[in-house]
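Structure first, then comments.
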Amino acid sequence: MLFIRHATTPGMRAACFPGDGDADPASLARAAALRPLVVGREAWASPARAARQTALAMGLEPRVCAALGEADCGRWRGLPYERVAREEPEALARWLSDPHAAPHGGETPAAFAGRVAAWLATTREPTRHDTPTPTRAPSRRPVPVPLVVFCDAGVIRAVLGHALGLGPMAAARFELAPLSATELIAARDGWRVAYVNRKV
């Protein structure tokens with residue numbers, strides 16, 4: 001399963017908490033050059049406009065999934081980190097250190113990680129044709145269509161944290177550039193990380 005961090009937005013360049021801005025045209029142009037990377041894949045995207053715009057730039061019409069949205073940052077949504085650090089330093093410090101804290105009134109890091117992990121589990125569920133019935137032998141398991149997910153960094157970090165058994169605060173340390181690729185491979189006992197933050 002391939003994860004692409006969506007194209008750059010003005011909010012990303014201004015170091016703001018996730019909002020829902022459009023992707024930069026120049027970044028989308030770079031995304032278009034990456035089309036060969038995703039040919040033949042089934043596309044999913046977060047509800048963010050930039051995620052869907054990135055998928056479209058790469059020639060795919062994605063299925064939008066609410067579970068792939070960035071963490072709800074409550075009243076901090078779209079605000080510059082610097083402003084929050086200046087005006088609410090204690091609240092920000094609590095949010096950065098406690099996975100069960102949501103001083104902004106939104107979603108806790110632990111709840112966000114759980115939401116993404118629950119979605120990831122659904123991608124491993126067998127199809128209804130995999131279960132034998134009393135009158136029919138089990139059919140051959142269909143070859144799964146490879147997936148590509150367009151989203152922002154928080155979702156990819158949560159996926160990596162789940163795959164590696166890391167808590168939300170440790171998983172937040174992964175550096176993920178816009179339009180970078182991260183790939184997970186399903187294994188019998190969980191997930192294997194093929195690569196992280198690959199510039200393509």
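Per-structure values
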| quantity | calculated |
| --- | --- |
| Cβ-Cβ under 8 Å pairs, at least 6 apart or on other chains, the range 94-117 side polar (S, T, N, Q), far side open to solvent by 30 Å² or more (accessible area, probe 1.4 Å) | S97/M169; T108/P99; T108/H100; T108/A102 |
| Per-region count, the range 145-165, residues touching a residue at least 24 places away in the same chain (Cβ under 8 Å) and either surrounded by fewer than 22 Cβ atoms within 10 Å (Cβ to Cβ) or farther than 10 Å from F3 by Cα (or both) | 10 |
| Residue list for the range 15-31, filter: hydrophobic (A, V, I, L, M, F, W, C) and in a helix (DSSP H, G or I) | A26, L28, A29, A31 |
| Filtered residues of the range 1-14 (kept if touching a residue at least 12 places away in the same chain (Cβ under 8 Å) and not in a loop (DSSP other than H, G, I, E, B)) | L2, F3, I4, R5, P10, G11, M12 |
| Selection from the range 166-198 of residues that are loosely packed, with under 12 Cβ neighbours inside 10 Å and of a type in the set (G, A, S) | A187 |
| Selection count, the range 54-90, where residues are buried (at least 17 other Cβ atoms within 10 Å of the Cβ), more than 21 Å from the chain's Cα centre (by Cα) and not in a loop (DSSP other than H, G, I, E, B) | 1 |
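The values are calculated or read from the model by the stated rules, or taken from the named source; none is laboratory data. Treat the numbers as computed from the prediction; the structure is a model and nothing was measured. Every residue, glycine as well, gets a Cβ built from its backbone with ideal geometry; the counts of neighbours run over all protein chains shown. SASA here: full protein model, heavy atoms, side chains in, ligands and nucleic acids out. Shrake-Rupley method; radii C 1.70, N 1.55, O 1.52, S 1.80 Å.
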